[in-house]
Amino acid sequence: MYCVKCGVKLQEGTTVCPLCQTPVWNPDETMAEKNYPDTLPEHHNESDVSGAAAMLVISALAIAVTLVVCFKLYGSLNWGGYVIGAIALFYILAILPRWFRHPMSQVFVPVAHAAVALYVLYICIAIGGNWFLTFALPVIAGSCLLSTAIVCLLKYIHGGRLFMFGGLLILIGGFSVLVEFFQHLTFGSEMFRWSIYSLSGFGAAGLFLIIAGIIPSLRRSLEKRFFI
C-alpha cells in the first residue's frame, strides 16, 4: 500500500502517511465498513504539575537528608555539595519542563546548559581546579549554541532537511576540534589526537547529505526512507 500523495510505501494498518501527513485511502475499504465514534476525542496537552510537585518534594527531602548526614558525620558539607548539585541538576534537566503546558525547548536548552555550567563550576572550585574558564566554560557555551541552533532549525525550518542535517554534522565535527583545542590550551595535551577522526567522520557524513540534497533521485530516496 502506498500514499496517494507522495508515493511512500506504507505499513499495513497505517492511517496517516508519516512523511506528508496525508490520510491513507484504502480502495478495498468502503465507508460503510468504517466505525467512526459519535464524538471526537479530546486533545490533552497539559502540564504535569502534580508529578513535578511530587518530584520537588522528593528532591527537597533528599537534599535535607544529605545535609543532615554530612553535618552529623563531618560537621561540614563535605561530599554533600556534589550530591545536592546533582539532585538540583537532575530536577532542572528532567523535571522543570513538566511544570509548563508548552515547554519551549529553545529556552530550556540554554537553561539546562547554564545549570550544567554552574554545577561544573562548583566542582572546579571544590577540588581547587583552574580549568573552568579555559576549558569547561567554552565547551559548554559552544555546546549550548550548537544545541540551541539544532533545536531552532528543527522547530522552525521544515524544508531542506538534508542540507540542514549535513551542515550540522560538519559543525559537530568542527566543534570536536574546538574542544580538543581548549583541552590543549588548558592541560597541554597534543592537538589532533582524536578530534581529526571525529571531524573526518562527521564531515564525510555531512558532505554526503549535502550532495544527496543536490541529487533529486537520491534526495527523494532518503526522504522516503528516513521521513525527513
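When the criteria are applied in full, VAL151 fails the requirement of being touching a helix residue (DSSP H, G or I) at 6+ places or on another chain (Cβ under 6 Å), at pLDDT 95 or above, surrounded by 14 or more Cβ atoms within 10 Å (Cβ to Cβ) and not in a loop (DSSP other than H, G, I, E, B).
Per the listing ALA94, ALA60, ALA115, ALA88, the residue uniquely touching a Ser or Thr at 6+ places or on another chain (Cβ under 8 Å) and among the aliphatic types (A, V, I, L, M) is ALA88.
Restricting the first member to region 49-78 and to residues that are over 15 Å from TRP99 (Cα atoms), and the second to residues that are part of a helix (DSSP H, G or I) and of a type in the set (Gly, Ala, Ser), the beta-carbon pairs closer than 7 Å and six or more apart or on different chains are THR66/GLY80; LEU67/GLY80; CYS70/GLY80. Of all the residues that make up region 1-36, how many are loosely packed, with under 10 Cβ neighbours inside 10 Å and at pLDDT 55 or above? Total meeting the criteria: 7.
Regarding region 100-121, can at least one residue be identified that is more than 16 Å from the chain's Cα centre (by Cα) and farther than 30 Å from ASP48 by Cα? Yes, that holds for at least one residue.
Among the residues of region 98-147, the ones that are among the β-branched types (Val, Ile, Thr), assigned to a helix (DSSP H, G or I) and under 23 Å from GLN183 (Cβ atoms) come to 7 in all. Taking (1) within 35 Å of the chain's Cα centre (by Cα); (2) at pLDDT 95 or above in turn, VAL68 satisfies each apart from (1). Please determine whether any residue of region 179-202 is in contact (Cβ under 8 Å) with a residue 40 or more places away in the chain, farther than 30 Å from ILE84 by Cα, part of a helix (DSSP H, G or I) and under 22 Å from the mean Cα position of the chain (by Cα). No - not one qualifying residue is present in region 179-202.
Of the residues making up region 82-96, those that are surrounded by 18 or more Cβ atoms within 10 Å (Cβ to Cβ), more than 21 Å from the chain's Cα centre (by Cα) and in contact (Cβ under 8 Å) with a residue 24 or more places away in the chain number 1. Checking the stated criteria, ALA52 turns out to be surrounded by 10 or more Cβ atoms within 10 Å (Cβ to Cβ), within 23 Å of LEU118 (Cβ to Cβ) and at pLDDT below 90.
Looking at region 176-228, which of the residues that are of a type in the set (Phe, Trp, Tyr) and on the phi > 0 side of the Ramachandran plot is modelled with the highest pLDDT? Checking each candidate, the answer is PHE192. Consider region 97-117 and keep the residues that are over 21 Å from GLY85 (Cβ atoms) and in contact with a helix residue (DSSP H, G or I) (Cβ under 7 Å, 6 or more places away or on another chain). The one that is surrounded by the fewest Cβ atoms within 10 Å (Cβ to Cβ) is PRO103.
The values are calculated or read from the model by the stated rules, or taken from the named source; none is laboratory data. Worth saying up front: this structure is predicted, and the values here are computed from it rather than measured. Please note: Cβ atoms are built from the backbone with ideal geometry, for glycine as well, and neighbour counts cover all protein chains shown.
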